[in-house]
Amino acid sequence: MARHGVHRLIRPHGPRRKAVLLGVLGGTVVVGIVATTVPLLAADDLSVRAVADTTATTVPQDGNNSVKTTLATCPARCDGNPRGGRAAVVQFAVTSVPATAVNVRATLRVHAWQRFAATVAAHASPLDARAARPAPVRPGAALDTVSKVRPGFNEWDVSGLVTGNGTWTLSLTQAGLETRIYWASTDHRNPDLRPRLVITYDIGVRPTSRPASPPTSAVPSSSPTAAPSTTAPKPTPSASPTRTTPRPTASPSAGSRRCGEVSDKLVPSCGAWWGIYSPAGADDGWDHGAAVAEVEAQVGRRFDIVHRYHDFSNIGSNGAFPDAYEQRQMREGRLMFFAWESRIFSSETVLTWADVYSGRHDATIDAAAGRIRAIGVPVFMGFDHEPEDEPTKGSDADFVRAWRHVHDRFTAAGAHNAVWVWTMMGWSGHYDRYAGLYPGDRYVDWVGYDPYNFHVCNGSTVWKSPATTIGSFYRWLDEHGVGAGKPRMLAEFGTNVNPADPGAKRRWFEEFPAALKAHPKIKAAIYFNSAGMTSRSRTCDMTMNHDPSAVAGFARAGQDSYLRQPTGGSR
């Protein structure tokens, strides 16, 4: 769990991932293929350039604002002028959204050069964006707001207006700062800075035939709330987990994929997996199975993926994974995500990446690879999530070398069922590092990142919508081609409460499926159900089950058909 560049607040102690109690995760995929609804095929994003813009103003010296390289916003009293209000007006002509498009989402992106403590809202506008100096009009209800302007592209969710093809005119209005903010216009000399509208959608496609039902033996019958076995796994590198069945189908060709199919890299053909990290602790006897089962009982469904953090100790539940809890969860039909950290939880020992790639820990790596190979079905595997927040472990190049070393030893051991998830924080403050932290396409199967709506937990006052929370790094990946073509995963995500609006967290969860549909390359989302490194207080609680309202919103999100895979734990 990252705090967007702010180091975690609690020092680690005991068997924890930094200061996070280890939770349980698990699962293998059940390959029953059932299609009962119209499937959706993901389409690529459309980036639409503005066709016209202007600054609405009554200030005479503003001149012809329809042919300036900048737009401006300002409240009614601006720079001492009581009649100095300005609004930026931008028009788009959208023509390329297919008639079969569904789940259309639109994001307005406008570039600013400086940081301002101002609130800027996006509205539908009746003004002519080609007019030289149209007079500002009283705006209607805001489509979305930005609480603080930052350098670079600022974003507004305008899906409430932009529903498909057509001519759409939007205005930006400013409050909270009585001085002008300048924005790049359609006439700016750098075309990359000009306003744009990013549109995502799914395409509804009806299958020509219904896939066959899974064989009876492939359907898990165990109750998701059944108490897990308390038998401890053997604390030896040679401990072999029970071989699980069934397995995902071989990856079909792209043109033949139908809803309900899963590739050999665990990519669902439609929708996304729904997962959980839920920590166990000393008070409940470190029962990692119950930690997940209790949440499943609260939300009324089984999770597709269970996420768990492990260390390099190679013993016990911390290091000799999969343990007895995880083996049971896999037998019950869940997918497992093993996040493997180069440290020893119990002693707080931190290994360097040079320690890893030097061969000093090859016996531990080989033992883990042997256990993964023995599972016999695909499992998600990660190595040192959020490495950009690990300054003591080495350089970015050291991380890449360590990742490749671990991957290569798994391959040499025959653990070809490890599906490798490269997990970053995804914070904009590290955008200049991500290309250098990427091990390469042959070493990565999924691209993961950890977006959070921290709100006041990290000192911010910005309440970010689900689309804003997950959208920034998603677009950065698109624009920079890192991991191009790889499925994406929210390896951790979460939201805080809003003390000023008790229903905000429930609504945030209810809006989350729509945000996923607007970002169709995300094929798995795992909620980090822990206070993590934030301090729990009246104004800060990142768990999804701290009150009935939050649980209700999370449960509703989990019932969305987009997150109910017919082949996974949600059946």
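Just a few scattered comments:
- Residue in segment 519-548 that is nearest to Cys259 (Cα to Cα), counting only those that are of a type in the set (Gly, Ala, Ser) and at pLDDT 95 or above: Ala524
- Of the residues making up segment 394-443, those that are aromatic (Phe, Trp, Tyr), surrounded by fewer than 19 Cβ atoms within 10 Å (Cβ to Cβ) and assigned to a helix (DSSP H, G or I) number 1.
- Selected residue (criterion: nearest to Phe337 (Cα to Cα)) from residues of segment 522-559 that are in contact with a Gly (Cβ under 9 Å, 6 or more places away or on another chain), part of a loop (DSSP other than H, G, I, E, B) and not hydrophobic (A, V, I, L, M, F, W, C): Asn529
- Selection count where residues are part of a strand (DSSP E or B) and farther than 23 Å from Glu178 by Cβ, scope segment 140-155: 3
- Taking the numbered list (1) under 25 Å from the mean Cα position of the chain (by Cα); (2) within 27 Å of Pro60 (Cβ to Cβ); (3) without any contact (Cβ under 8 Å) to a residue 60 or more places away in the chain in turn, His123 passes all entries but (1).
- Residue match in segment 455-478 (condition: within 24 Å of Ala291 (Cα to Cα) and either β-branched (Val, Ile, Thr) or modelled with pLDDT of 95 or more (or both)): no
- Where Asn496 falls short, out of the listed (1) within 29 Å of Asp441 (Cβ to Cβ); (2) touching a helix residue (DSSP H, G or I) at 6+ places or on another chain (Cβ under 9 Å); (3) not small (Gly, Ala, Ser): (1)
- Test result for Pro134, assigned by TED's automatic domain parsing to the domain that holds Gly164, touching a Leu at 6+ places or on another chain (Cβ under 7 Å), part of a loop (DSSP other than H, G, I, E, B) and not β-branched (Val, Ile, Thr): yes
- Residues of segment 310-332 classified as under 20 Å from Asp362 (Cβ atoms) and within 27 Å of the chain's Cα centre (by Cα), total: 6
- Qualifying residue in segment 26-33 (condition: modelled with pLDDT of 60 or more and either closer than 30 Å to Pro322 by Cα or not in a strand (DSSP E or B) (or both)): no
- In segment 509-527, the residues that are farther than 12 Å from Ile470 by Cα and touching a residue at least 60 places away in the same chain (Cβ under 8 Å): Lys523, Ala524, Ile526, Tyr527
- Any hit, segment 337-344, residues being of a type in the set (A, V, I, L, M, F, W, C), under 20 Å from Glu296 (Cα atoms) and over 25 Å from the mean Cα position of the chain (by Cα): no
- Some residue of segment 325-337 being buried (at least 20 other Cβ atoms within 10 Å of the Cβ), in contact (Cβ under 8 Å) with a residue 24 or more places away in the chain, closer than 13 Å to Tyr277 by Cα and in contact with a Lys or Arg (Cβ under 6 Å, 6 or more places away or on another chain): no
- Segment 434-459 residues that are farther than 23 Å from His519 by Cβ, paired with ones that are β-branched (Val, Ile, Thr) and part of a helix (DSSP H, G or I) (beta carbon under 7 Å, 6 or more apart): Pro439/Val400
- Lone unmet requirement of (1) touching a Pro at 6+ places or on another chain (Cβ under 9 Å); (2) at pLDDT 95 or above; (3) surrounded by 17 or more Cβ atoms within 10 Å (Cβ to Cβ) for Arg571: (2)
- Long-range neighbours under 7 Å by Cβ, at least six apart or interchain, first residue within 17 Å of His405 (Cβ to Cβ) within segment 345-359, second among the hydrophobic types (A, V, I, L, M, F, W, C): Leu351/Phe312; Trp353/Phe399; Trp353/Ala402; Val356/Ala402; Val356/Val406; Tyr357/Ala402
- Residue match in segment 183-192 (condition: part of a helix (DSSP H, G or I) and surrounded by fewer than 22 Cβ atoms within 10 Å (Cβ to Cβ)): yes
- Filter result for the condition that a residue is buried (at least 21 other Cβ atoms within 10 Å of the Cβ) and either within 25 Å of the chain's Cα centre (by Cα) or closer than 27 Å to His430 by Cα (or both), over Pro391, Pro378: Pro378
- Here Asn498 fulfils each of the conditions (1) out of contact with any His (no Cβ under 8 Å at 6 or more places or on another chain); (2) surrounded by fewer than 20 Cβ atoms within 10 Å (Cβ to Cβ) apart from (1).
- Condition check for Gln298: within 30 Å of Gln559 (Cα to Cα), surrounded by fewer than 18 Cβ atoms within 10 Å (Cβ to Cβ) and assigned by TED's automatic domain parsing to the domain that holds Gly271: yes
- Number of residues in segment 316-363 that are of a type in the set (Ser, Thr, Tyr) and in contact with a helix residue (DSSP H, G or I) (Cβ under 8 Å, 6 or more places away or on another chain) equals 6.
The values are calculated or read from the model by the stated rules, or taken from the named source; none is laboratory data. What you see is a predicted model, and the numbers here were worked out from it, not measured in a lab. Neighbour counts are summed over all protein chains in view; Cβ atoms, including those assigned to glycine, are modelled from backbone coordinates with ideal geometry.
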